[in-house]
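Structure first, commentary second.
The values are calculated or read from the model by the stated rules, or taken from the named source; none is laboratory data. On a predicted model such as this, the values are computed, not experimentally measured, just so you know. So basically every Cβ, Gly included, is an ideal-geometry build from the backbone, and we count neighbours across all protein chains shown.
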Amino acid sequence: MKTIIYPGSFDPITCGHFDLIQRAAKMTDSLIVAVLHNSNKKSYFSMQERVEMIKKCTENIPNVTVDSSEGLLVDYINRKGGKVILRGLRAVSDFEYELQYAMLNQRLDKSIEAIYLMTSSEYSFLSSSMVREIGSLGGDISGMVPDAICSYVKERLMQENNKDK
Ligand code: PNS
């Protein structure tokens, strides 16, 4: 199968994202996880930190590469030569946004297709923003972000919280 590109803001990568990456990596020869900017969200971790965290989580999956881009997803995809985007769906509430996102990307480039995987039920309640909120208030985020980055994320979130005081 062609290269699949999994775009997202991954701020930070959660166990839900990681589960999707592991499952998608079995479906293709090459999966690119692409960290992009979502202009509707204020990012917490820098682009470089987000890329490094995903690299750490995926270092044992040989057909997964991690990358980042500042511009439009369609331009990135064309530069990479892939044509298939992967997105996860946690619940019906995700569908409306994903439909608009897919339609707009198709409007920008007709040749790009999107495929979807349902988030595994044990992670369907998870989001990066919830992880940030819980972690910054000192709550336990283990099992919400991959073990490989859990202590780093905890520390960073607590640091930021202490700065605000
Ligand atoms: O994890 P997210 O926040 O749902 O990911 C959304 C993301 C970053 C993939 C999306 O905002 C995106 O593609 N940003 C790049 C800029 C772009 O192409 N925007 C137009 C989308 S139609």
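Is it true that some residue in region 71-90 is outside any loop (DSSP other than H, G, I, E, B), more than 16 Å from the ligand (Cβ to nearest atom) and either at pLDDT 95 or above or of a type outside the set (S, T, N, Q) (or both)? No, region 71-90 has no match at all.
Any residue in region 68-79 that is closer than 21 Å to Gln22 by Cβ and within 15 Å of the chain's Cα centre (by Cα)? Within region 68-79, one or more residues are closer than 21 Å to Gln22 by Cβ and within 15 Å of the chain's Cα centre (by Cα). Checking Phe10, Phe95 one by one, the residue that is within 11 Å of the ligand (Cβ to nearest atom) and either surrounded by fewer than 17 Cβ atoms within 10 Å (Cβ to Cβ) or closer than 17 Å to Ser129 by Cα (or both) is Phe10 and no other. The set of residues in region 29-44 that are near the ligand (Cβ under 8 Å from one of its atoms), in a loop (DSSP other than H, G, I, E, B) and more than 24 Å from Lys163 (Cβ to Cβ) comprises Ser39, Asn40. Taking first residues from region 106-124 that are closer than 21 Å to Leu89 by Cα and of a type in the set (Lys, Arg) and partners that are more than 14 Å from the ligand (Cβ to nearest atom) and part of a helix (DSSP H, G or I), no Cβ contact under 7 Å between residues at least 6 apart in sequence or on separate chains turns up. Flag: Leu104 matches the condition of being in a helix (DSSP H, G or I) and of a type outside the set (D, E, K, R). For region 127-165, filtering for residues that are surrounded by fewer than 16 Cβ atoms within 10 Å (Cβ to Cβ), without any contact (Cβ under 8 Å) to a residue 40 or more places away in the chain and either on the phi > 0 side of the Ramachandran plot or not in a helix (DSSP H, G or I) (or both) leaves 7.
The residue that is farthest from the ligand (Cβ to nearest atom), counting only those in region 98-107 that are surrounded by 14 or more Cβ atoms within 10 Å (Cβ to Cβ) and farther than 20 Å from Gly16 by Cβ, is Gln106. All of Asn63, Asn105 fail the test of being more than 21 Å from Asp29 (Cβ to Cβ) and touching a strand residue (DSSP E or B) at 6+ places or on another chain (Cβ under 8 Å), apart from Asn105.
Restricting region 18-28 to residues that are in a helix (DSSP H, G or I) and either charged (D, E, K, R) or near the ligand (Cβ under 8 Å from one of its atoms) (or both) leaves a set whose member that is surrounded by the most Cβ atoms within 10 Å (Cβ to Cβ) is Asp19. Within region 61-84, does at least one residue satisfy the condition of being without any contact (Cβ under 8 Å) to a residue 12 or more places away in the chain and of a type in the set (Ser, Thr, Tyr)? Within region 61-84, not a single residue is without any contact (Cβ under 8 Å) to a residue 12 or more places away in the chain and of a type in the set (Ser, Thr, Tyr).
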